[in-house]
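One structure is given here, and the rest of the page talks about it.
Quick note: the coordinates plus some simple rules give every number you see, no bench work behind them. Remember, predicted model here, so these are calculated numbers, not experimental data. Reconstructed Cβ throughout: ideal geometry from the backbone, glycine too, with neighbour counts over all protein chains shown.
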Amino acid sequence: MSTLKNTSILCSALTCVLPTVEVAGETPNAQRPNIIFILADDLGYMDVCAFAHRVTGTPVDSMFFETPHIDRLVEEGMAFSNAYVCPLSSPTRSSLLTGKYAARLGFTTAMPARDTWYMLNEKPPHPGYAHDAISHEDDIRIEQALINGKSNSAIPAGLAWDEGRKEVVLPEAMEGYHTAFIGKWHVGGFGAEGYQPGDRGFDEVPAYFDAGGSAHFGWRGGWNDRSKRRYPKMPQQEWKIGDAGAESGESYLTDDLTQKALNYIDRRVAADDGPFFLYFCEFAVHTPIQAKPEDIEYFSNKPTRGWNRQSDPVYAGLVRGLDNSVGKILDKLEEAGIEENTLVVFLSDNGGIDGKITPHDLITNNSPYIGGKATLFEGGVKSPLVFRWKGHIEGGTWDDRSLIDASDLFPTLLEFAGIDPTPYYTEQQIDGRSFYSLFQQQKGKKRETFSRDTLYWHYPFNVIYNNPVDGLPLTPHSAVRVGDMKLIYDWHGRLYLFDMAKDPYETHNLAARRAKDTRRLFGILVQWLDRNVEARYLPVKNPDYDKSKESRKETPYVDLIEVWRSGGDVVEAATIPDMSQLVIR
C-alpha cells in the first residue's frame, strides 16, 4: 500500500487526528471510502447532458449526445457549476496530482512526444529543467509578435535529473490505500524512466500510455513500443512510453481500459484488505475521433442531430463509449455491494474541442460558452465536476456558488481519505484548498461555502486554434478571476474583463467601463506571474517581428506588462475588443 515518502510532512501517529466523514447529517463514518477518480479527456461542459440541461433548460431527450450514466452521477451526487481546469490536459493532470497551479511546475501546455533535454541526454541551459521540451510550435504562417514560452513534460520525482526537485503526488500521499492507475498519464516526460505511474506511488498499473492521445482501435503496438529509435541517446535502456497490459478481448480502447478497471475492482473486493484509490484516466474523447460502427450508425440517424450545433455522429459515439464506461463502473460497484463505501469523482481535463475554433471539422460545440480547448474563455477551462458517494452525499444537489480549481482536488481527496492535508499547505506549499466542508451538513445548519475566490491560468503559446475575437491563431494568454470578476490578458495587447455573475457567457467586455477593476486585476495577475512562473515559461518578444506584416490590422502589438511596470495606464494602452463583434461565436 502507498505510504508518504516525504517523511518531513508525516504526522506523528500519536498526535495526528484524522478527520472522519460526516455528511448529510449522519453520524461520523469511521471507515474510509474507496475512491474512484474518472478523468475524461477533452470532454466539453456542454457535452454532458445534465450540465447542458442546467445551462439551457433543454430536455435531455431533445439533445444529440447521450450521457445517461454521467447524468446518473449528477442525480445521485453533488455537481459543481463552477469547476475550473487548465485549457490543456497535461497542465490539469499535473495540477490535480500535486495540488499546485500547473504553471508553477512549468506545465504550460500539452504536447505530443517532443525532444526534451532528458531524452537527448543533454544538460539543459541554465536556468532550465531536463524535462522541458526543446520547442513547441504550431505551423502558423502569419506574423507573430511573440515567441512561445517553454513547457515542462514531467512532474519532478526527486531523481538526479531533477536536481533536488521533488513533488509529492496524490497516490504517494494516500497513506493506507492500495492505489492503481489506468489510462492516460501524460506527465512523465514521454516515457522517461522513473517518472511513470508505477514510479509515482501507484501500487498497480494494469495499463498506461504516457502520451497525449491514442488510437482507439489497434493501439497495443504503440503502447508496447520499447524501442530507442526516436531517441538514440536516451539515458535509459528502453522507452517507458506505455504498457497495454493483459489482453482483455476488447477491440475498442475505452472498453479495454474499462474492463481492466472492473477487474481491478474485483481484485480489491476479493482481497478485502483496506480501501483503494483508482485513478482512471480515459482517452475518450480525445482525437483521433473514432467510435464503434454501431454507435456511429445510431447517431447518424438520430432525429435530434444538430442540437446546439452538435452533429458529428462519430464524436457522439465516442462520448457514448465514455458514458458507457462510467455506467459499467457504477454497475460494478452496485454488484459488488460497495457503492455505499465508494466515492466516485468525475471530471474532464479541459474544455471541449469546439469545431468553430479548431482545425478539425465538427467535433463539438460549447455554446453558449465561447472558445474551447486551448482558450481561456469559459469554453476552454470550465469542466463538469461531480462527487457521488451513495448514502453519504445528498443526491441531486448543485453547488452554484463555489469556485473550484483542479488543484483543490488534491487536499479534498485527502480529507475524504481521512488524511489531514494541512501539512501540505506549508511543507509543499500547495495552492489547492480542500472543499471537503461543502459535503458536510449538520441538522439545523446551512451547508458551508468554500472560501476560495481567486484562480489563475497561464498559456504562453501561439497556437493554431482560432481566437473567437478575430478568427486568427491564438496568441499567448494569461488570466485571473477574483470573485465574480475575470480578467483575460492577451499578450498581444488585448484585455477582457467579465462579470461572471451577471455575464457567465462572456458577452460584455467591461475592461474600459470598469477600468479601475481592470488595472487592479492586471496588477494581481502580473505579480502572480512574477512570483510563480519561471521566465522560460513566459512568452518573449520576437526580434524578427515585422509589424507592417501584422494580420491583426486593428490590434497593434503592445507590451502591456512593460506599460504597467513603467507606471503607464494599461487600459489606455490596450485594445479592448467588443464582444458583440466576435468573428466566431
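Rounded to the nearest whole Hz, the Karplus-based 3J(HN,Hα) values (6.51 cos²θ - 1.76 cosθ + 1.60, θ = phi - 60°) of region 351-360 follow the sequence x, x, 7, 6, x, 6, 10, 10, x, 7, with x at glycine and proline.
Counted residue by residue at 0.36 nm each, then reduced by the alpha carbon distance between them, the extension gain from Glu238 to Trp398 reaches 52.8 nm. If the Kirkwood radius is taken over C-alpha pairs of region 286-437, then at 37 °C and 0.692 mPa s the Stokes-Einstein diffusion coefficient equals 182 µm²/s.
Note on region 133-161 and region 461-512: Cα centroid distance 22 Å, given to the nearest whole angstrom. Label zone of Glu75 (point 7 Å out along Cα→Cβ, amide N under 14 Å): in region 389-410 this covers 395-397. Net charge in the neighbourhood of Gly242 (other residues with Cβ under 10 Å of its Cβ; Lys, Arg +1, Asp, Glu -1) is +1. Is any residue of region 108-140 close enough, with backbone N under 16 Å, to a label point placed 7 angstrom from the Cα of Asp225 along the Cα-Cβ axis, and if so, which? Flagged as within label range: 111-116, 119-120. Ser251 sits among other residues whose Cβ lies under 15 Å from its own Cβ, and their net charge, with Lys and Arg +1 and Asp and Glu -1, is -3. Pairs from the list Lys328/Lys486; Lys382/Lys549; Lys100/Lys328; Lys373/Lys547; Lys123/Lys547 with a Cα-Cα gap above 30 Å: Lys328/Lys486; Lys382/Lys549; Lys100/Lys328; Lys123/Lys547.
Close Lys pairs in region 159-304, defined as Cα atoms under 16 Å apart and 8 or more places apart or on different chains, number 4.
For region 129-154, the residues whose backbone nitrogen is under 12 Å from a point 7 Å from the Cα of Asp546, taken along Cα to Cβ, are 143-144.
Hey, with R₀ at 45 Å, roughly what FRET efficiency would Glu294 and Arg520 work out to, going by the Cβ-Cβ distance, to 0.05? Calculated value: 0.25. Annotation for Asp115 and Gln527: the two label points, set 7 Å from Cα along the Cα-Cβ direction, are 4.1 nm apart. Stokes-Einstein at 4 °C, 1.567 mPa s, Kirkwood radius from Cα pairs: D for region 469-585 in µm² s⁻¹? Approximately 87 µm²/s, per Stokes-Einstein.
Average 1/r across all pairs of distinct alpha carbons in region 364-454, invert it, and you get the Kirkwood radius: 15.2 Å.
A convex hull fitted around the alpha carbon atoms of the chain yields 158 Å³ per residue.
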